[in-house]
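This report concerns only the one structure given below.
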Amino acid sequence: MTIASSAAADLCAFIDRSPTPFHVCATVAAELDAAGYRRLDERESWPSEQGRFYVVRGGSLVAWSSESSASPADPFRVVGGHTDSPNLRLKQHHDLAPEGLGVVALEPYGGAWLHSWLDRDLGIAGRLSLRDGRDVLVHVGEPVLRVPQLAIHLSDRKPLEVDPQRHLNGIWSTRRGTFLEVVAERAGVDVADVLGFELMTHDAQPSALIGVDAELVSAPRLDNQVTCFAGTRALLSATPTPGVRPVLALFDHEEVGSTSERGAQSDLLATVLERVVLAAGGTRDDYHRAVAASVCASGDMAHATHPNHPERHEPLHHIAIGGGPVLKLHPNLRYASDAPGTAHFVRACEQAGVPLQRYEHRADLPCGSTIGPLSAARTGMLTVDVGAPQLAMHSARETMGAADVEPYARALSAFLSPA
């Protein structure tokens, strides 16, 4: 197996273990634990000694190493990403029984490409909050739900317009019953003890390497678990650089605007970085000096040029599958990249020996955004938006090049350990 296919296969395994933001954090935390990182509690005092640490807040995670730091005012190098992806989520009152079927009410989260969720085998996963104060993760990986499409014979023979209120209910049984009872049973808890839940559907088909020579990755949630995977690899493989503190910041809720207690617009990253400085014996002035000298690479996926729709892309900025990491720029700041930030990432790609592509969106089409501008505004940190190329963004299942996984991780690793 080549390096490219090995990294892509590892990505597939990562995605299949991580159907929700909470599971992404658990998957990353397990890798950090194995590498000697220590989980800290935000409610407790933090150690003053140098080391490797991380914190988890819901579906968000921040990890860092201070082992190469000599001063509390040393700068941070941050790789950012987000853990959430568009999907269909279970409504609080969800049990329906039309036409003698067990049906649950679902609703979209984020900008899900809704028609891609129809006639697809779906699992269910998320977290349950219990009466005893515990939060329990649950992952029902086998297909237990399906949202059936209307037969062509009953339609007007035009593309179906999916109404998010009426057309997204999922079939789960031919008997009436309570769907939450099934989920609680799979989690090994009593449904009467479930006081709160956040449950979301996911494509039950395993991620796979496809194509004649297995050169493509077919998987759900490439946006943005590729960055979660590559960022974790980058942190664990980064070469210690004197005076630089590498950081991995993975945020929940990017797909709905990042305005939450753990999104990129929250105090999570700023608070963690300040506490790192204070725990090392620094002052607030040291913290502000550190941030002023810091740089963040905000990682999110990029649009590869679609072979069937090349006219939807900026003519001079075509992005190739297998062409390497992507620098994303937008004059109206849908991306945070500016010239100094661009230079930092160009140098990282040169250091890593990987090619770099530059993306701009068509001026006559609305451009999506990401955590970069939000985190930059919240922290005041120089930020550059980057990503890896993919097709079918926000579909239930997406596609990217197997050869793009490993160079993306290498570029982010070089960014965290500048020469």
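The values are calculated or read from the model by the stated rules, or taken from the named source; none is laboratory data. Worth saying up front: this structure is predicted, and the values here are computed from it rather than measured. Here the Cβ is made from the backbone with ideal geometry for all residues, glycine too, and neighbour counts use every protein chain on show. Protein only, heavy atoms only, side chains kept; ligands, DNA and RNA dropped before computing areas. Shrake-Rupley method; radii C 1.70, N 1.55, O 1.52, S 1.80 Å.
Is it fair to say residue 174 is over 28 Å from the mean Cα position of the chain (by Cα) and either modelled with pLDDT of 90 or more or at positive phi (or both)?
It is false that residue 174 is over 28 Å from the mean Cα position of the chain (by Cα) and either modelled with pLDDT of 90 or more or at positive phi (or both).
Run residue 170 past the list (1) crowded, with 23+ Cβ neighbours inside 10 Å; (2) under 29 Å from residue 387 (Cβ atoms) and report the number of the one that doesn't hold.
(2)
Tell me yes or no: at least one residue of region 379-386 is closer than 21 Å to residue 79 by Cα and more than 22 Å from the chain's Cα centre (by Cα).
Yes, because at least one residue in region 379-386 is closer than 21 Å to residue 79 by Cα and more than 22 Å from the chain's Cα centre (by Cα).
Take residue 297 and decide whether it is buried (at least 23 other Cβ atoms within 10 Å of the Cβ), in contact with a Phe, Trp or Tyr (Cβ under 6 Å, 6 or more places away or on another chain), among the hydrophobic types (A, V, I, L, M, F, W, C) and farther than 19 Å from residue 366 by Cα.
So residue 297 fits the description; yes.
Where in region 1-92 are there strands (runs of 3 or more DSSP E), lying fully within it, with 2 or more residues that are surrounded by 23 or more Cβ atoms within 10 Å (Cβ to Cβ)?
Ranges flagged: 60-65, 76-82.
Against the condition of a type in the set (A, V, I, L, M) and either under 28 Å from residue 370 (Cβ atoms) or buried (at least 18 other Cβ atoms within 10 Å of the Cβ) (or both), how does residue 212 come out, does it pass?
In short, no.
Each row is one residue, and each column tells you yes or no for (1) open to solvent by less than 30 Å² (accessible area, probe 1.4 Å); (2) within 18 Å of residue 132 (Cα to Cα).
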site	(1), (2)
157	no, no
160	no, no
164	no, no
174	no, no
186	no, no
190	no, yes
196	yes, yes
203	yes, no
206	no, no
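Residues are listed down the side, and each one gets a yes or a no for (1) touching a helix residue (DSSP H, G or I) at 6+ places or on another chain (Cβ under 9 Å); (2) of a type in the set (A, V, I, L, M); (3) surrounded by 16 or more Cβ atoms within 10 Å (Cβ to Cβ); (4) over 18 Å from residue 42 (Cα atoms):
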residue	(1), (2), (3), (4)
260	no, no, yes, no
308	no, no, no, yes
317	no, no, yes, yes
320	no, yes, no, yes
338	no, no, no, yes
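Would you confirm whether any residue within region 51-63 is farther than 25 Å from residue 16 by Cβ and small (Gly, Ala, Ser)?
yes
Regarding residue 375, is this residue more than 30 Å from residue 2 (Cα to Cα), in contact with a Lys or Arg (Cβ under 6 Å, 6 or more places away or on another chain) and modelled with pLDDT under 95?
Spelling it out, it is not the case that residue 375 is more than 30 Å from residue 2 (Cα to Cα), in contact with a Lys or Arg (Cβ under 6 Å, 6 or more places away or on another chain) and modelled with pLDDT under 95.
Under 7 Å between Cβ atoms, at least 6 apart or on separate chains: pull out the pairs that start in region 339-363 with a residue that is of a type in the set (D, E, K, R) and end on any residue that is buried (at least 18 other Cβ atoms within 10 Å of the Cβ) and not in a helix (DSSP H, G or I).
Close Cβ pairs satisfying both conditions: 358/327; 358/329; 360/329; 360/330; 362/313.
Determine, yes or no, whether residue 239 is assigned to a helix (DSSP H, G or I), hydroxyl-bearing (Ser, Thr, Tyr) and closer than 30 Å to residue 322 by Cβ.
no
Considering each residue of region 323-349, count those that are in a helix (DSSP H, G or I) and either in contact with a Gly (Cβ under 6 Å, 6 or more places away or on another chain) or of a type in the set (Val, Ile, Thr) (or both), and give that number.
Qualifying residue count, region 323-349: 2.
Among the residues of region 350-390, which ones are out of contact with any helix residue (DSSP H, G or I) (no Cβ under 9 Å at 6 or more places or on another chain) and in a strand (DSSP E or B)?
357, 359 - these are the residues of region 350-390 that are out of contact with any helix residue (DSSP H, G or I) (no Cβ under 9 Å at 6 or more places or on another chain) and in a strand (DSSP E or B).
Can you tell me which residue among 274, 314 is out of contact with any Cys (no Cβ under 6 Å at 6 or more places or on another chain) and part of a loop (DSSP other than H, G, I, E, B)? Break it down stepwise before answering.
Details: 274 fails: part of a loop (DSSP other than H, G, I, E, B).
None of the others qualify; the one that does is 314.
In region 143-155, which residue that is hydrophobic (A, V, I, L, M, F, W, C) and either at pLDDT 95 or above or open to solvent by less than 70 Å² (accessible area, probe 1.4 Å) (or both) is farthest from residue 115 (Cα to Cα)?
144
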